[in-house]
Each structure stands twice: as structure tokens, then as C-alpha cells.
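Asker: The following block contains the structure, expressed as C-alpha cells.
We did not get these values from a lab; they are worked out from the coordinates using the rules stated. Given the structure is predicted, the values throughout are model-derived calculations rather than measurements. When we count neighbours, we look across all protein chains shown, and the Cβ atoms used for this are built from the backbone with ideal geometry, even at glycine.
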Amino acid sequence: MLPVPVKRPAADRSQAVRSCVGYLVDSPDGRIGTVRDIRYRRRDRTQPTALVVGAGQNGTRLLVIPLSQLTGVSTSERRVVLRASPRIITEVPPHSASL
């Protein structure tokens with residue numbers, strides 16, 4: 001089944017994203033990792049803004065991916081699809097990273 005396009009009515013898109021913790025994350029270059037958490041707007045916890053993805057061999061590298069990078073969410077496949085592979089612009093030592 002094809003992923004739910006991100007360009008759906010805001011309520012449908014938000015619901016699909018809010019339920020995707022544990023989903024696999026894929027890019028055109030292959031598997032990135034697994035959704036570990038959802039980030040929300042500070043004043044509106046119903047509006048997701050980004051996914052926190054556990055990446056790397058053991059899923060210990062955390063990537064924060066803005067929703068603008070998503071092309072779709074497949075609830076039946078438990079999968080999120082990205083437009084492109086994420087670019088790592090900064091790294092935080094593991095002991096100081098937190099969800």
C-alpha cells in the first residue's frame with residue numbers, strides 16, 4: 001500500500017504523524033531507522049513539527065527530522081517515507097543527547 005501523502009488535510013496528516021512512533025523510516029537511499037518520538041509545537045501539543053529517529057546500527061544516533069521532509073506515512077506498513085536522506089549538520093555527544 002502507498003504511504004499517505006503528507007499534503008492531506010492538516011487533521012489527517014497530524015493524526016498519521018502522531019501515531020507513527022515505532023514506524024520504520026525510509027529515504028530514497030534506503031532505511032534510515034525507527035521513529036522514537038514526536039516533537040510538537042510548544043504551545044500546541046496537537047501540532048507535530050518533527051520526528052526523532054533512532055538511526056545507525058543500534059539505533060543510538062538520534063536524528064530530528066522536520067515534517068517538511070516527509071513525503072508520506074503508511075499506517076498499514078508502519079512506515080514513514082522521506083523526500084531525501086537526512087543531512088547531519090551537527091552532532092551532540094551521546095551523554096548529552098536527550099529526547
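Asker: May I ask you to evaluate 6.51 cos²θ - 1.76 cosθ + 1.60, the Karplus curve with θ = phi - 60°, for each residue of segment 53-65 and list the ³J(HN,Hα) values in order in whole Hz, giving x for glycine and proline?
Answerer: 10, x, 10, x, 4, 10, x, 8, 8, 9, 10, 9, 10
Asker: Near the amide H of R39, under 5 Å away, which other amide H atoms are found, from residues 5 or more places off or on another chain, if H is placed in the peptide plane?
Answerer: T49, A50, L51, V52
Asker: Let me ask something else. Using each residue's phi in segment 81-87, evaluate 6.51 cos²θ - 1.76 cosθ + 1.60 at θ = phi - 60° and report the 3J(HN,Hα) Karplus result to the nearest Hz, with x for Gly and Pro.
Answerer: Using θ = phi - 60°, the values come out as 10, 9, 5, 8, 5, x, 9 Hz.
Asker: Among D26, D44, what is the fewest-to-most ranking by other Cβ atoms within 10 Å?
Answerer: Numbers: D26 20, D44 9.
Going from least to most buried by this count: D44, D26.
Asker: Given H placed 1.01 Å from N in the peptide plane, which residues other than close sequence neighbours of I32 have an amide H under 5 Å from its amide H?
Answerer: For I32, the qualifying residues are V25, D26, S27.
Asker: Related question: Exposure proxy check: I88, I32 ranked by fewest other beta carbons within 10 Å?
Answerer: Details: I88 9, I32 22.
So the ranking, lowest neighbour count to highest, is I88, I32.
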